[in-house]
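**Student:** One structure coming up, written as structure tokens, with questions to follow.
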Amino acid sequence: MDTPFNEEKKKLADVLKKVEQQQKTLDGIPRYYGKDPVEQALDAQRQKQRQNLDIAKKEPYFGRLDFQEQQTSRVVPIYIGKVGLQDEDTGDLLVVDWRAPVSSMFYSFSGQSDRAYYDSPDGRIEGTVHLKRNIAIRNQQLERVVDSYVRGSENVNVTDEFLLYRLEENKDHRLRDIVSTIQYEQDQIIRAERNWAIIIQGVPGSGKTTVALHRLAYLLYRYQEKIRPEKMIIFAPNQMFIDYISDVLPELGVGDVKQTTFADWALEQLEEQVELRSQDERLEWWFEQRTEGTKGSEVARFKGSIRFMQLVEKRLDEYEASFVPDRPFVAWENKHLPAEEIQKWFYEEYRHEPLMKRKERVMARIKRWLETEYKEIRHLDPRREIKKKASAQLRSFMKTWPNHTPLKWYQQLLRSLPAEYGMVAGKKKEIEWEDLAPLVAIKHRFFGLDAKEVYDHIVLDEAQDVSPYQLAILKKHCRGNSFTILGDLLQNIYSFRGITEWRELAEVFDQDQVRKFELNTSYRSTMEIIRFANQIVSKYAGDVALAKPVYRSGEPVRVIHAGREERMEKLLQLLRQTFAKVQSLAIIMRTEEESRKIYEQLLANGWQPNLILSGQTEYRGGLSILPVYLSKGMEFDAVVMMDLDDQHYPDDELNAKLLFVGCTRALHQLYLLCNDPCSPLIGRSLADAVQEGAVEGLLSSVD
């Protein structure tokens, strides 16, 4: 009798052979570049098939579920993969797409009972599960087979074995898909209804970003007649993060989804010559303070609030109410348009148009009225003279109407507020990050909302750093409130512009439109790292749940005591010992300035690290150096946190969250180089760490 491994090896060879045959068939059909729409559609279909076969060739499937439908005797083995595959000869499904309704059982079935069901377009299908099998295939080679459920066997629910196997793998420099290891609570979010605004509170390493991207893929699959990838958009925290997630999108079939930052998107919307003040300066000012400052932070938070949004709307209403001059248009002697008539056009007949469009419509109508009146003048010479005078009168009349750009109107608004709420930047057209939302709102009132910028679904990542005003703007650009909003309140290190409670964002929507989910299990870091990091931030967690690690044990966290003079020597020894064993290692500093210094020192010692600073657009993997506040959202096999003293990380909420963010970037190994006295923030965590007075002790313990 074949073992499960040998059985699956034969199955894999058979499927790969069929994939190769299908590829050969498609390779024999040339691409179509003509104008026939039917042929164009067929060519696009074949091209999509080619892409799917390329994906399937590397890893045709990752799971198998043997299912017997109720009131039938046949047990059907269902293979589940990233894309669906069909046998061209028989028409049978070789592999079912992971997004298909039947595939949901693979993620929801826990083995507590052999009964299972899935909801198909024809209704609920119930039945019995006989086998649930995890299958690891890499580059066409079968690596591992794990039966997490066999009906009648006592070995039930060993899914964790396969999950831990996947988690033990070293991390390359890109985000990867998780289709083979999606957990039940993640699958619930992925398959949630389309027209909900979903808010995900997720601990570090809970897979919230990956879940959001898989949700995009699911929505495109389920609602393919209603949703197009080019009408979806991902808002990421920065361009480097966009680069970091770039590889997983094509793998999931959502490569055409637009990815941007709120700042870049807002500047595109404005189309006005405005300059966004360098965020490098802003971040350096904020994070190079050793304690949380208040200068400017209250102003920034106010500008991002619903209260400020309401103030802007109120002033815009007042501006609109006085927009039309309370005077008639006098074309020439004894010929005029009453003010009431002009106001009626503007406030009643054109009320659904944006302000400046209404103004255009009114002026065009006045011109048409003039043309009609000119025809009443029978003699040519008087008509020429009257036309000349009327044109001058119209130009003069137009000048009495408001003619603000959004920026000029906004600057005028700020000048009417107390001085501290005014423009911080010195240049006339230079604005701050928190000025973007009100400016886009003003632009909407002035010129309207471009229909091409309305999306079927919006993903908002690191949403704890987004203001309610910004979300309210995005809501206007989304059909049916279809949002996936994700973040972690314990990582809201940009408190000068973000939120402290999800309620602040939820209030943008009607309550029945919002669904909140929590992802509290961390699949990234080892138990030792999670326990250590939790102790750092627990004092400031409030009602936010701390991370629960999966049962994956690793090396203890190492706290290495090193004076300023010896820290570089100890870092070099640590790198020589550790870097060869991992694919990615990050040296995390407190500030950009200190990151530059360490970078120069490592270059001088023969290393070739990648320096990551604000505004960077590419993440290269390998050995990286970066300030702690830019590490959010990333992960590395090993992390070295530098300068863990009471000067760099005093005991306050901002620094606790910064340190928490840095520590939770590590998957397998976490080292902290501590200049005595150590930061009081890690005092509570030292019981869960190994302390070393010298790197030699550390290295011997690692060996």
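**Student:** Need one number for region 73-114: average projected area of the convex hull over its C-alpha atoms, nm². Could you put the intermediate results ahead of the total?
**Tutor:** On the way: hull surface 15.2 nm².
So the Cα hull casts an average projection of 3.8 nm².
**Student:** Going toward the positive end of the dipole of the chain, with +1 on Lys and Arg Cβ and -1 on Asp and Glu Cβ, which of V76, Q45, G662 do you reach last?
**Tutor:** Farthest towards the positive end: Q45.
**Student:** Of all beta bridges DSSP finds with both residues in region 527-702, what is the antiparallel percent, to the nearest 5? List each step's numbers first, then the result.
**Tutor:** Details: 1 of 26 bridges.
DSSP beta bridges in region 527-702 are roughly 5 percent antiparallel.
**Student:** State the percent of C-alpha pairs, over all pairs in region 324-399, separated by a distance greater than 14 angstrom.
**Tutor:** Values: 1756 of 2850 pairs.
Summing the P(r) of region 324-399 above 14 Å gives 62 percent of all pairs.
**Student:** Quote the FRET efficiency, to the nearest 0.05, computed for D89 versus K35 with a Förster distance R0 of 30 Å and r equal to the Cβ-Cβ distance.
**Tutor:** Details: r = 34 Å, r/R0 = 1.13.
E between D89 and K35, to the nearest 0.05, is 0.30.
**Student:** Between E565 and Q141, what length comes free when the chain is fully extended (0.36 nm per residue of separation minus the Cα-Cα distance, one decimal in nm)?
**Tutor:** Values: separation 424, 0.36 × 424 = 152.64 nm, distance 5.03 nm.
Between E565 and Q141, full extension yields an extra 147.6 nm.
**Student:** While we're on this one: With 10 angstrom as the radius, rank K548, K632, K387 by how many other C-beta atoms surround their C-beta, starting from the fewest. Numbers along the way, then the final one.
**Tutor:** Numbers: K548 13, K632 25, K387 17.
With the sparsest Cβ surroundings first, the list reads K548, K387, K632.
**Student:** If I take R0 = 35 Å and measure r between the Cβ atoms of Q279 and D651 in this structure, what FRET efficiency does the formula 1/(1 + (r/R0)^6) give, to the nearest 0.05? Don't jump to the answer; show the numbers that get you there.
**Tutor:** Numbers: r = 28 Å, r/R0 = 0.79.
In this case the efficiency is close to 0.80.
**Student:** Want the number for E600 to T128: 0.36 nm per residue separation, take away the alpha-carbon distance, what's left?
**Tutor:** On the way: separation 472, 0.36 × 472 = 169.92 nm, distance 6.25 nm.
The span from E600 to T128 would gain 163.7 nm if fully extended.
**Student:** Let me ask something else about it. Given H placed 1.01 Å from N in the peptide plane, which residues other than close sequence neighbours of I78 have an amide H under 5 Å from its amide H?
**Tutor:** L65, D66, F67
**Student:** Give me the one-decimal nm value for the distance between modelled label points at Q577 and V690, 7 Å along each residue's Cα-to-Cβ direction.
**Tutor:** Each label point lies 7 Å from its Cα, and together they span 0.8 nm.
**Student:** On to the next question. May I ask which residue of M527, P627, P650 lies farthest towards the positive end of the charge dipole of region 527-702, with charges of +1 (Lys, Arg) and -1 (Asp, Glu) on Cβ and the Cα centre as origin?
**Tutor:** M527
**Student:** Also, I was wondering about something else. Step through the table entries K82/K258; K48/K231; K258/K428; K17/K82, compare each Cα-Cα distance with 26 Å, and write down the pairs that go over it.
**Tutor:** Values: K82/K258 21 Å; K48/K231 19 Å; K258/K428 32 Å; K17/K82 18 Å.
Among K82/K258; K48/K231; K258/K428; K17/K82, the Cα-Cα distance tops 26 Å for K258/K428.
**Student:** Counting each pair of different Cα atoms once, what's the Kirkwood radius of region 505-634 in Å, rounded to one decimal? List each step's numbers first, then the result.
**Tutor:** Values: mean 1/r = 0.0564 Å⁻¹.
After inverting the mean inverse Cα-Cα distance, the result is 17.7 Å.
**Student:** Give me the one-decimal nm value for the distance between modelled label points at K17 and N195, 7 Å along each residue's Cα-to-Cβ direction.
**Tutor:** That separation, rounded to one decimal, is 5.0 nm.
**Student:** Let me ask you something else. Rounded to the nearest 0.05, what FRET efficiency is calculated for D543 and Q71 with R0 set to 41 Å and r the Cβ-Cβ distance? Working shown, then result.
**Tutor:** Numbers: r = 48 Å, r/R0 = 1.17.
Using R0 = 41 Å, I get an efficiency of 0.30.
**Student:** Quick one: of the DSSP bridges fully inside region 4-167, what percent are antiparallel, nearest 5? The partial results should precede the final answer.
**Tutor:** On the way: 29 of 31 bridges.
Here the antiparallel bridges make up roughly 95 percent for region 4-167.
**Student:** Rounded, prolate or oblate: which fits region 86-229, taking a ≥ b ≥ c as square roots of the Cα gyration tensor eigenvalues, rounded meaning a/c under 1.5, else prolate when a/b beats b/c? It would help to have the intermediate numbers written out before the result.
**Tutor:** Numbers: a/c = 1.32, a/b = 1.07, b/c = 1.23.
Judged from the Cα gyration tensor, region 86-229 comes out rounded (a/c under 1.5).
**Student:** Now a separate question. Which semi-axis lengths, in whole Å and largest first, follow from the square roots of five times the eigenvalues of the Cα gyration tensor of region 297-338? Can you show the working numbers first?
**Tutor:** Working: eigenvalues 343, 13, 4 Å².
Ellipsoid half-lengths, sorted descending, are 41, 8, 5 Å.
**Student:** A further question on this structure: Just to be sure I follow: if Rg is taken over the C-alpha atoms of region 4-167 and Rh is the Kirkwood radius over the same atoms, what is Rg/Rh? All intermediate terms of the calculation are to be shown ahead of the outcome.
**Tutor:** Working: Rg = 17.9 Å, Rh = 17.4 Å.
Computed over Cα atoms, the ratio is 1.03.
**Student:** Here is a follow-up. List the aspartates and glutamates whose Cα lies under 12 Å from the Cα of K303, skipping any in the same chain that are fewer than 8 positions away.
**Tutor:** E420, E432, E434, D435
**Student:** Return C663, C674, C478 ranked ascending by Cβ neighbour count within 10 Å, so the fewest neighbours appear first. It would help to have the intermediate numbers written out before the result.
**Tutor:** Working: C663 28, C674 25, C478 16.
So the ranking, lowest neighbour count to highest, is C478, C674, C663.
**Student:** Once you compute Rg and the Kirkwood Rh from C-alpha atoms, what is the Rg to Rh ratio for the chain?
**Tutor:** Numbers: Rg = 30.9 Å, Rh = 29.2 Å.
Across the chain, the Cα-based Rg/Rh ratio is 1.06.
**Student:** Would you kindly state how much longer the chain becomes between A44 and K516 on full extension, computed as 0.36 nm times their sequence separation minus their alpha carbon distance, in nm to one decimal?
**Tutor:** On the way: separation 472, 0.36 × 472 = 169.92 nm, distance 3.82 nm.
Fully extending the segment from A44 to K516 adds 166.1 nm.
FYI, it's all coordinate maths here, none of it is from the lab. Predicted model only: the values in this text are computed from it and were never measured. Cβ sites come from the backbone with ideal geometry, for glycine too, and all protein chains shown count toward neighbours.
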